[in-house]
1. Report, ordered by the first and then the second residue, all pairs with beta carbons closer than 6 Å, sequence separation of six or more or different chains, a first member in region 78-94 that is in contact (Cβ under 8 Å) with a residue 12 or more places away in the chain, and a second member that is assigned to a loop (DSSP other than H, G, I, E, B).
2. Which residues, counting only those in region 98-108, are within 15 Å of the ligand (Cβ to nearest atom) and either touching a Ser or Thr at 6+ places or on another chain (Cβ under 9 Å) or not in a loop (DSSP other than H, G, I, E, B) (or both)?
3. Can you pull out the strands (runs of 3 or more DSSP E) entirely within region 318-437 that have at least 1 residues that are of a type in the set (K, R) and touching a Phe, Trp or Tyr at 6+ places or on another chain (Cβ under 9 Å)?
4. Pick from region 148-175 the residues that are more than 16 Å from the ligand (Cβ to nearest atom) and among the acidic types (D, E): which of them is nearest to E259 (Cα to Cα)?
5. All but one of (1) touching a strand residue (DSSP E or B) at 6+ places or on another chain (Cβ under 8 Å); (2) farther than 17 Å from G10 by Cβ; (3) of a type in the set (G, A, S); (4) surrounded by fewer than 24 Cβ atoms within 10 Å (Cβ to Cβ) hold for A94; which doesn't?
6. Just the residues that are at positive phi and away from the ligand (no atom under 12 Å from the Cβ), please, taken from region 109-132.
7. Taking region 222-267 on its own, how many of its residues are over 12 Å from the mean Cα position of the chain (by Cα), basic (K, R) and buried (at least 22 other Cβ atoms within 10 Å of the Cβ)?
Amino acid sequence: MKPIHVGLLGLGTVGGGTLTVLRRNAEEITRRAGREIRVVRAAVRNIDKAKPLAGDLPLTTNPFDVVDDPAIDIVVELIGGLEPARELVMQAIANGKHVVTANKHLVAKHGNEIFAAAQAKGVMVAFEAAVAGGIPIIKALREGLTANRIEWLAGIINGTSNFILTEMRDKGAAFEDVLKQAQELGYAEADPTFDIEGIDAAHKLTILSAIAFGIPMQFDRAYTEGISRLTRADVKYAEELGYRIKLLGIARRAENGIELRVHPTLIPERRLIANVDGAMNAVLVKGDAVGPTLYYGAGAGAEPTASAVVADLVDVTRLHTADPHHRVPHLAFQPDQLADTPILPMDEVRTAYYLRLRAFDRPGVLADITRILADSDISIDAMVQKEPGEGEEQVDIILLTHVTVEKNVNAAIAKIEALDSVAGKVMRIRLEELASK
Ligand code: HSE
(Lines give C-alpha, C1' and ligand atoms only; values in the text may rest on other atoms or scores of the structure.)
Protein backbone atom coordinates (compact mmCIF):
# COMPACT_ATOMS: atom_id res chain seq x y z
CA MET A 1 0.00 0.00 0.00
CA LYS A 2 1.29 3.47 -0.76
CA PRO A 3 2.56 5.54 2.20
CA ILE A 4 0.29 7.99 4.00
CA HIS A 5 1.75 11.50 3.78
CA VAL A 6 2.20 13.64 6.85
CA GLY A 7 3.00 17.33 7.13
CA LEU A 8 4.39 18.69 10.38
CA LEU A 9 3.64 22.14 11.72
CA GLY A 10 6.47 22.76 14.18
CA LEU A 11 9.71 20.93 14.74
CA GLY A 12 10.39 21.98 18.33
CA THR A 13 10.44 19.67 21.37
CA VAL A 14 7.41 17.58 20.39
CA GLY A 15 7.85 17.92 16.61
CA GLY A 16 11.46 16.83 16.89
CA GLY A 17 10.47 13.92 19.14
CA THR A 18 7.79 12.87 16.66
CA LEU A 19 10.24 12.82 13.75
CA THR A 20 12.78 10.89 15.82
CA VAL A 21 10.28 8.25 16.96
CA LEU A 22 8.77 7.85 13.48
CA ARG A 23 12.24 7.33 12.02
CA ARG A 24 13.57 5.06 14.76
CA ASN A 25 10.51 2.80 14.91
CA ALA A 26 9.57 3.06 11.24
CA GLU A 27 9.48 -0.66 10.60
CA GLU A 28 7.31 -1.57 13.60
CA ILE A 29 5.02 1.39 13.02
CA THR A 30 4.47 0.32 9.40
CA ARG A 31 3.71 -3.23 10.53
CA ARG A 32 1.12 -1.84 12.93
CA ALA A 33 -0.42 0.79 10.68
CA GLY A 34 -0.52 -1.36 7.56
CA ARG A 35 1.33 1.22 5.51
CA GLU A 36 4.27 3.54 5.85
CA ILE A 37 3.69 6.83 7.68
CA ARG A 38 5.95 9.21 5.80
CA VAL A 39 6.67 12.80 6.85
CA VAL A 40 6.96 14.73 3.59
CA ARG A 41 7.22 18.34 4.73
CA ALA A 42 7.63 20.42 7.89
CA ALA A 43 6.94 24.07 8.60
CA VAL A 44 9.42 25.64 11.00
CA ARG A 45 10.25 29.11 12.27
CA ASN A 46 13.96 28.89 11.61
CA ILE A 47 15.20 26.65 8.79
CA ASP A 48 18.87 26.81 9.80
CA LYS A 49 18.03 25.71 13.34
CA ALA A 50 15.81 22.85 12.15
CA LYS A 51 18.11 21.58 9.39
CA PRO A 52 20.37 19.27 11.49
CA LEU A 53 17.34 17.33 12.78
CA ALA A 54 15.32 17.52 9.55
CA GLY A 55 18.09 16.17 7.29
CA ASP A 56 16.62 15.77 3.80
CA LEU A 57 13.05 16.51 4.94
CA PRO A 58 11.81 19.54 2.92
CA LEU A 59 11.28 22.58 5.18
CA THR A 60 9.29 25.76 4.77
CA THR A 61 8.73 28.78 6.96
CA ASN A 62 5.17 29.17 5.66
CA PRO A 63 2.82 26.75 7.48
CA PHE A 64 0.18 27.23 4.77
CA ASP A 65 2.57 25.44 2.38
CA VAL A 66 1.84 22.37 4.53
CA VAL A 67 -1.92 22.72 5.07
CA ASP A 68 -2.50 23.55 1.39
CA ASP A 69 -0.21 20.84 0.01
CA PRO A 70 -2.46 18.43 -1.95
CA ALA A 71 0.01 15.58 -1.40
CA ILE A 72 -0.45 15.68 2.39
CA ASP A 73 -3.09 13.47 4.03
CA ILE A 74 -2.52 14.29 7.71
CA VAL A 75 -1.44 17.61 9.21
CA VAL A 76 0.24 17.39 12.62
CA GLU A 77 -0.12 20.67 14.49
CA LEU A 78 2.63 21.10 17.09
CA ILE A 79 3.11 24.84 17.18
CA GLY A 80 0.82 25.43 20.17
CA GLY A 81 -1.14 28.54 21.16
CA LEU A 82 -4.44 29.71 19.71
CA GLU A 83 -3.47 31.60 16.57
CA PRO A 84 -2.38 30.82 13.94
CA ALA A 85 -2.90 27.22 15.12
CA ARG A 86 -6.71 27.56 14.93
CA GLU A 87 -6.65 29.02 11.45
CA LEU A 88 -4.22 26.37 10.21
CA VAL A 89 -6.25 23.50 11.67
CA MET A 90 -9.49 24.89 10.22
CA GLN A 91 -7.87 25.29 6.83
CA ALA A 92 -6.43 21.78 6.93
CA ILE A 93 -9.92 20.45 7.67
CA ALA A 94 -11.44 22.57 4.91
CA ASN A 95 -8.82 21.05 2.58
CA GLY A 96 -10.07 17.57 3.58
CA LYS A 97 -7.03 16.64 5.66
CA HIS A 98 -7.02 14.78 8.94
CA VAL A 99 -5.41 16.61 11.84
CA VAL A 100 -3.35 15.38 14.78
CA THR A 101 -2.69 17.97 17.46
CA ALA A 102 -1.03 18.19 20.86
CA ASN A 103 -2.57 21.61 21.44
CA LYS A 104 -4.66 21.46 24.63
CA HIS A 105 -5.27 25.20 24.67
CA LEU A 106 -6.70 25.07 21.16
CA VAL A 107 -8.87 21.99 21.77
CA ALA A 108 -10.21 23.29 25.12
CA LYS A 109 -11.06 26.71 23.65
CA HIS A 110 -12.10 25.92 20.07
CA GLY A 111 -12.72 22.16 20.13
CA ASN A 112 -16.47 22.50 19.58
CA GLU A 113 -15.98 24.47 16.38
CA ILE A 114 -13.08 22.27 15.20
CA PHE A 115 -14.91 18.97 15.75
CA ALA A 116 -18.07 20.28 14.07
CA ALA A 117 -16.03 21.28 11.01
CA ALA A 118 -14.21 17.92 10.98
CA GLN A 119 -17.50 16.03 11.30
CA ALA A 120 -19.01 17.97 8.40
CA LYS A 121 -15.96 17.30 6.24
CA GLY A 122 -15.65 13.63 7.24
CA VAL A 123 -12.11 13.98 8.57
CA MET A 124 -10.59 13.08 11.93
CA VAL A 125 -9.03 15.37 14.51
CA ALA A 126 -6.98 13.34 16.98
CA PHE A 127 -5.64 14.87 20.19
CA GLU A 128 -4.24 12.15 22.46
CA ALA A 129 -1.07 14.19 23.03
CA ALA A 130 -3.07 17.16 24.31
CA VAL A 131 -3.71 15.55 27.70
CA ALA A 132 -1.13 13.96 29.99
CA GLY A 133 1.56 13.57 27.31
CA GLY A 134 2.36 9.93 26.77
CA ILE A 135 -0.44 8.46 28.88
CA PRO A 136 -3.13 7.11 26.53
CA ILE A 137 -5.90 8.60 28.66
CA ILE A 138 -8.05 9.84 25.76
CA LYS A 139 -8.09 6.37 24.24
CA ALA A 140 -8.80 4.76 27.62
CA LEU A 141 -11.65 7.10 28.45
CA ARG A 142 -13.18 7.19 24.99
CA GLU A 143 -12.87 3.51 24.14
CA GLY A 144 -11.59 1.33 26.98
CA LEU A 145 -14.15 2.61 29.49
CA THR A 146 -17.01 3.02 27.05
CA ALA A 147 -19.26 0.59 28.97
CA ASN A 148 -19.19 2.81 32.04
CA ARG A 149 -21.08 5.74 33.36
CA ILE A 150 -18.12 7.84 34.45
CA GLU A 151 -18.74 9.15 37.97
CA TRP A 152 -15.64 11.26 38.45
CA LEU A 153 -12.07 11.71 37.43
CA ALA A 154 -9.18 13.41 39.18
CA GLY A 155 -5.81 14.03 37.60
CA ILE A 156 -2.36 15.36 38.18
CA ILE A 157 -2.20 16.78 34.67
CA ASN A 158 0.41 19.48 34.90
CA GLY A 159 3.92 18.13 35.27
CA THR A 160 5.51 21.49 36.02
CA SER A 161 3.38 22.22 39.07
CA ASN A 162 3.74 18.63 40.30
CA PHE A 163 7.51 18.96 39.93
CA ILE A 164 7.44 22.21 41.92
CA LEU A 165 5.28 20.74 44.70
CA THR A 166 7.48 17.64 44.92
CA GLU A 167 10.71 19.62 45.14
CA MET A 168 9.18 21.98 47.72
CA ARG A 169 8.18 19.01 49.86
CA ASP A 170 11.26 16.84 49.45
CA LYS A 171 14.01 19.42 49.36
CA GLY A 172 12.40 22.49 50.84
CA ALA A 173 13.31 24.17 47.54
CA ALA A 174 12.14 27.67 46.73
CA PHE A 175 9.31 28.04 44.23
CA GLU A 176 11.23 30.18 41.70
CA ASP A 177 14.29 27.91 41.61
CA VAL A 178 12.20 24.83 40.84
CA LEU A 179 10.22 26.65 38.18
CA LYS A 180 13.45 27.64 36.48
CA GLN A 181 14.54 24.00 36.51
CA ALA A 182 11.23 22.90 34.95
CA GLN A 183 11.71 25.49 32.21
CA GLU A 184 15.22 24.20 31.52
CA LEU A 185 13.90 20.64 31.33
CA GLY A 186 11.35 21.73 28.70
CA TYR A 187 8.23 20.91 30.75
CA ALA A 188 6.94 24.41 31.35
CA GLU A 189 4.62 26.25 28.98
CA ALA A 190 5.89 29.23 26.99
CA ASP A 191 3.98 31.30 29.54
CA PRO A 192 4.67 29.49 32.84
CA THR A 193 1.73 31.18 34.57
CA PHE A 194 -0.35 28.65 32.60
CA ASP A 195 1.36 25.92 34.63
CA ILE A 196 1.45 27.62 38.00
CA GLU A 197 -2.02 29.12 37.94
CA GLY A 198 -3.73 25.90 36.89
CA ILE A 199 -4.71 27.12 33.41
CA ASP A 200 -2.87 24.36 31.54
CA ALA A 201 -4.46 21.77 33.84
CA ALA A 202 -7.88 23.36 33.24
CA HIS A 203 -7.39 23.05 29.47
CA LYS A 204 -6.70 19.35 29.88
CA LEU A 205 -9.50 18.85 32.40
CA THR A 206 -11.97 20.51 30.03
CA ILE A 207 -11.02 17.97 27.35
CA LEU A 208 -11.27 15.03 29.73
CA SER A 209 -14.66 16.17 31.05
CA ALA A 210 -16.10 16.42 27.53
CA ILE A 211 -15.09 12.84 26.78
CA ALA A 212 -16.07 11.50 30.19
CA PHE A 213 -19.57 12.99 30.27
CA GLY A 214 -20.43 13.66 26.64
CA ILE A 215 -20.64 17.43 27.05
CA PRO A 216 -19.21 20.20 24.87
CA MET A 217 -15.86 21.78 25.75
CA GLN A 218 -16.55 24.46 28.36
CA PHE A 219 -13.18 25.82 29.42
CA ASP A 220 -14.64 29.17 30.47
CA ARG A 221 -16.76 27.44 33.12
CA ALA A 222 -13.86 25.58 34.73
CA TYR A 223 -12.79 26.88 38.14
CA THR A 224 -9.04 27.47 38.12
CA GLU A 225 -6.79 28.02 41.09
CA GLY A 226 -3.03 27.41 40.98
CA ILE A 227 -0.24 26.67 43.42
CA SER A 228 1.32 30.11 43.76
CA ARG A 229 -0.35 30.87 47.12
CA LEU A 230 0.72 27.60 48.77
CA THR A 231 3.24 27.90 51.55
CA ARG A 232 5.76 25.40 52.84
CA ALA A 233 3.93 25.52 56.17
CA ASP A 234 0.78 24.16 54.48
CA VAL A 235 2.74 21.42 52.76
CA LYS A 236 4.24 20.49 56.16
CA TYR A 237 0.97 20.63 58.11
CA ALA A 238 -0.77 18.54 55.46
CA GLU A 239 1.96 15.90 55.83
CA GLU A 240 1.62 15.91 59.62
CA LEU A 241 -2.07 15.13 59.16
CA GLY A 242 -1.36 12.30 56.69
CA TYR A 243 -2.03 14.16 53.43
CA ARG A 244 -0.11 15.31 50.36
CA ILE A 245 -0.95 18.46 48.45
CA LYS A 246 -1.34 18.02 44.69
CA LEU A 247 -2.67 20.30 41.98
CA LEU A 248 -5.67 18.24 40.87
CA GLY A 249 -8.07 18.64 38.00
CA ILE A 250 -11.40 17.21 39.13
CA ALA A 251 -14.51 16.54 37.06
CA ARG A 252 -17.39 15.03 38.97
CA ARG A 253 -20.94 14.16 38.12
CA ALA A 254 -22.99 15.71 40.96
CA GLU A 255 -26.74 15.72 41.54
CA ASN A 256 -27.47 19.00 39.77
CA GLY A 257 -24.64 19.20 37.29
CA ILE A 258 -20.96 18.68 36.75
CA GLU A 259 -18.16 19.95 38.96
CA LEU A 260 -15.21 21.15 36.89
CA ARG A 261 -12.37 22.46 38.98
CA VAL A 262 -8.59 22.74 39.21
CA HIS A 263 -7.05 23.60 42.56
CA PRO A 264 -4.45 22.48 45.10
CA THR A 265 -5.94 19.53 46.93
CA LEU A 266 -5.09 17.53 50.04
CA ILE A 267 -5.15 13.79 49.26
CA PRO A 268 -4.61 10.99 51.80
CA GLU A 269 -0.97 9.96 51.46
CA ARG A 270 -1.92 6.29 51.21
CA ARG A 271 -3.59 6.82 47.82
CA LEU A 272 -1.43 5.81 44.87
CA ILE A 273 -2.04 9.12 43.16
CA ALA A 274 -0.72 11.00 46.20
CA ASN A 275 2.65 9.37 45.48
CA VAL A 276 2.95 10.56 41.90
CA ASP A 277 5.99 12.79 42.09
CA GLY A 278 8.19 14.97 39.94
CA ALA A 279 6.95 15.85 36.47
CA MET A 280 4.91 12.65 36.20
CA ASN A 281 1.17 12.75 35.52
CA ALA A 282 -1.62 10.44 36.67
CA VAL A 283 -5.34 10.32 36.09
CA LEU A 284 -7.73 8.45 38.33
CA VAL A 285 -11.05 7.61 36.66
CA LYS A 286 -14.01 6.14 38.48
CA GLY A 287 -16.47 4.24 36.30
CA ASP A 288 -19.63 2.69 37.71
CA ALA A 289 -18.81 -0.78 36.36
CA VAL A 290 -15.02 -0.92 36.53
CA GLY A 291 -14.53 1.06 39.75
CA PRO A 292 -11.45 3.24 40.10
CA THR A 293 -8.73 2.95 37.45
CA LEU A 294 -5.40 4.78 37.47
CA TYR A 295 -3.28 5.85 34.50
CA TYR A 296 0.27 6.95 35.15
CA GLY A 297 3.20 8.12 33.04
CA ALA A 298 5.20 11.00 31.64
CA GLY A 299 2.97 13.98 31.00
CA ALA A 300 5.46 16.04 29.03
CA GLY A 301 8.76 15.82 27.18
CA ALA A 302 9.76 15.16 23.59
CA GLU A 303 9.40 11.40 23.18
CA PRO A 304 6.60 10.73 25.70
CA THR A 305 4.44 13.30 23.91
CA ALA A 306 5.62 12.00 20.53
CA SER A 307 4.43 8.56 21.65
CA ALA A 308 0.88 9.94 21.78
CA VAL A 309 1.23 11.87 18.50
CA VAL A 310 2.44 8.76 16.67
CA ALA A 311 -0.34 6.64 18.22
CA ASP A 312 -2.82 9.12 16.74
CA LEU A 313 -1.04 8.96 13.39
CA VAL A 314 -1.37 5.18 13.37
CA ASP A 315 -5.05 5.42 14.37
CA VAL A 316 -5.81 7.92 11.64
CA THR A 317 -3.85 5.88 9.09
CA ARG A 318 -5.85 2.76 9.91
CA LEU A 319 -9.20 4.57 9.75
CA HIS A 320 -8.33 6.81 6.82
CA THR A 321 -10.49 4.88 4.40
CA ALA A 322 -13.26 3.97 6.88
CA ASP A 323 -16.76 5.37 6.49
CA PRO A 324 -16.68 8.64 8.52
CA HIS A 325 -19.98 7.69 10.16
CA HIS A 326 -18.50 4.52 11.60
CA ARG A 327 -15.44 5.99 13.25
CA VAL A 328 -15.16 6.52 17.01
CA PRO A 329 -16.72 9.96 17.67
CA HIS A 330 -14.27 12.71 18.58
CA LEU A 331 -15.81 13.24 22.02
CA ALA A 332 -16.70 9.58 22.64
CA PHE A 333 -20.44 10.25 22.32
CA GLN A 334 -22.22 10.66 18.99
CA PRO A 335 -22.12 14.37 18.08
CA ASP A 336 -25.93 14.70 18.18
CA GLN A 337 -25.99 13.06 21.62
CA LEU A 338 -23.99 15.62 23.59
CA ALA A 339 -25.67 16.54 26.88
CA ASP A 340 -26.45 20.05 28.11
CA THR A 341 -25.76 19.13 31.77
CA PRO A 342 -24.74 22.38 33.44
CA ILE A 343 -21.30 22.98 34.92
CA LEU A 344 -21.93 23.88 38.57
CA PRO A 345 -20.79 27.24 39.91
CA MET A 346 -18.03 26.85 42.51
CA ASP A 347 -20.42 27.88 45.30
CA GLU A 348 -22.38 24.66 44.72
CA VAL A 349 -19.39 22.32 44.77
CA ARG A 350 -19.23 19.81 47.62
CA THR A 351 -15.89 18.82 49.10
CA ALA A 352 -13.96 18.78 52.38
CA TYR A 353 -11.56 21.51 53.48
CA TYR A 354 -8.27 22.21 55.18
CA LEU A 355 -8.41 25.60 56.91
CA ARG A 356 -5.36 27.27 58.44
CA LEU A 357 -5.64 30.42 60.47
CA ARG A 358 -3.54 32.44 62.85
CA ALA A 359 -5.17 33.34 66.13
CA PHE A 360 -4.28 34.81 69.50
CA ASP A 361 -3.64 32.13 72.07
CA ARG A 362 -6.35 33.14 74.56
CA PRO A 363 -9.54 31.69 76.07
CA GLY A 364 -12.64 31.45 73.89
CA VAL A 365 -10.91 31.69 70.50
CA LEU A 366 -11.48 28.08 69.51
CA ALA A 367 -15.03 28.26 70.85
CA ASP A 368 -15.75 31.25 68.59
CA ILE A 369 -14.35 29.47 65.56
CA THR A 370 -16.15 26.19 66.15
CA ARG A 371 -19.44 28.05 66.77
CA ILE A 372 -19.13 29.83 63.43
CA LEU A 373 -18.51 26.52 61.68
CA ALA A 374 -21.41 24.83 63.45
CA ASP A 375 -23.72 27.75 62.55
CA SER A 376 -22.72 27.28 58.90
CA ASP A 377 -23.54 23.57 59.12
CA ILE A 378 -19.89 22.57 58.78
CA SER A 379 -18.75 19.51 60.70
CA ILE A 380 -15.15 19.37 61.92
CA ASP A 381 -13.15 16.23 61.17
CA ALA A 382 -9.87 17.17 62.90
CA MET A 383 -8.35 20.16 64.61
CA VAL A 384 -4.75 20.95 65.59
CA GLN A 385 -3.44 23.95 67.49
CA LYS A 386 0.30 24.40 67.10
CA GLU A 387 2.55 25.61 69.93
CA PRO A 388 3.28 29.35 69.73
CA GLY A 389 6.77 30.14 68.47
CA GLU A 390 9.33 31.67 70.86
CA GLY A 391 7.98 35.07 72.02
CA GLU A 392 4.92 34.80 69.73
CA GLU A 393 1.37 35.52 70.89
CA GLN A 394 -0.32 33.97 67.90
CA VAL A 395 -0.62 30.31 66.98
CA ASP A 396 -1.49 28.40 63.83
CA ILE A 397 -4.77 26.50 64.02
CA ILE A 398 -5.49 23.86 61.41
CA LEU A 399 -8.96 22.46 60.87
CA LEU A 400 -10.11 19.68 58.58
CA THR A 401 -13.82 19.64 57.81
CA HIS A 402 -16.13 16.93 56.58
CA VAL A 403 -17.67 17.32 53.12
CA THR A 404 -19.77 20.44 52.90
CA VAL A 405 -20.93 22.91 50.30
CA GLU A 406 -18.43 25.59 49.24
CA LYS A 407 -20.75 28.56 49.80
CA ASN A 408 -21.08 27.62 53.50
CA VAL A 409 -17.30 27.51 53.85
CA ASN A 410 -16.96 30.90 52.18
CA ALA A 411 -19.50 32.39 54.58
CA ALA A 412 -17.77 30.83 57.59
CA ILE A 413 -14.33 32.03 56.46
CA ALA A 414 -15.62 35.61 56.16
CA LYS A 415 -16.97 35.44 59.74
CA ILE A 416 -13.78 33.87 61.11
CA GLU A 417 -11.62 36.51 59.44
CA ALA A 418 -13.79 39.21 61.05
CA LEU A 419 -13.02 37.94 64.59
CA ASP A 420 -10.73 40.24 66.60
CA SER A 421 -8.84 37.22 67.83
CA VAL A 422 -7.93 36.07 64.30
CA ALA A 423 -5.06 37.65 62.41
CA GLY A 424 -5.02 37.93 58.62
CA LYS A 425 -6.65 35.64 56.11
CA VAL A 426 -7.76 32.05 56.46
CA MET A 427 -5.87 29.69 54.15
CA ARG A 428 -8.37 27.33 52.56
CA ILE A 429 -7.30 24.21 50.62
CA ARG A 430 -9.83 21.70 49.39
CA LEU A 431 -9.49 18.08 50.44
CA GLU A 432 -10.57 14.99 48.53
CA GLU A 433 -10.56 11.46 49.94
CA LEU A 434 -10.71 9.97 46.38
CA ALA A 435 -12.20 6.84 47.91
CA SER A 436 -13.46 4.10 45.62
CA LYS A 437 -17.03 4.39 46.95
N1 HSE B 1 3.48 22.45 30.65
C2 HSE B 1 2.89 21.14 30.58
C3 HSE B 1 3.17 20.42 31.89
C4 HSE B 1 3.43 20.39 29.40
O5 HSE B 1 4.00 20.90 32.67
O6 HSE B 1 2.54 19.42 32.14
C7 HSE B 1 2.61 19.21 29.00
O8 HSE B 1 1.33 19.56 28.57
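1. Close Cβ pairs satisfying both conditions: L78/G10; L78/A102; I79/G10; G80/N103; A85/I79; A85/N103; I93/V123.
2. Filtering region 98-108 down to residues within 15 Å of the ligand (Cβ to nearest atom) leaves 101-108.
Within region 98-108, T101, A102, K104, H105, L106, V107, A108 meet the criteria.
3. By residue number, 350-360, 422-431.
4. Here the answer is E151.
5. (1)
6. To start, the set of residues in region 109-132 that are at positive phi comprises 122, 132.
Hit for region 109-132 is G122, nothing else.
7. The number of residues fulfilling the criteria is 3.
Residues checked against (1) farther than 18 Å from G299 by Cβ; (2) part of a loop (DSSP other than H, G, I, E, B); (3) hydrophobic (A, V, I, L, M, F, W, C):
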{"position": "I138", "(1), (2), (3)": "no, no, yes"}
{"position": "A154", "(1), (2), (3)": "no, no, yes"}
{"position": "E176", "(1), (2), (3)": "yes, no, no"}
{"position": "L179", "(1), (2), (3)": "no, no, yes"}
{"position": "A182", "(1), (2), (3)": "no, no, yes"}
{"position": "Y187", "(1), (2), (3)": "no, yes, no"}
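The values are calculated or read from the model by the stated rules, or taken from the named source; none is laboratory data. What you see is a predicted model, and the numbers here were worked out from it, not measured in a lab. Note: ideal-geometry Cβ built from the backbone for every residue, glycine included; neighbour counts use all protein chains shown.
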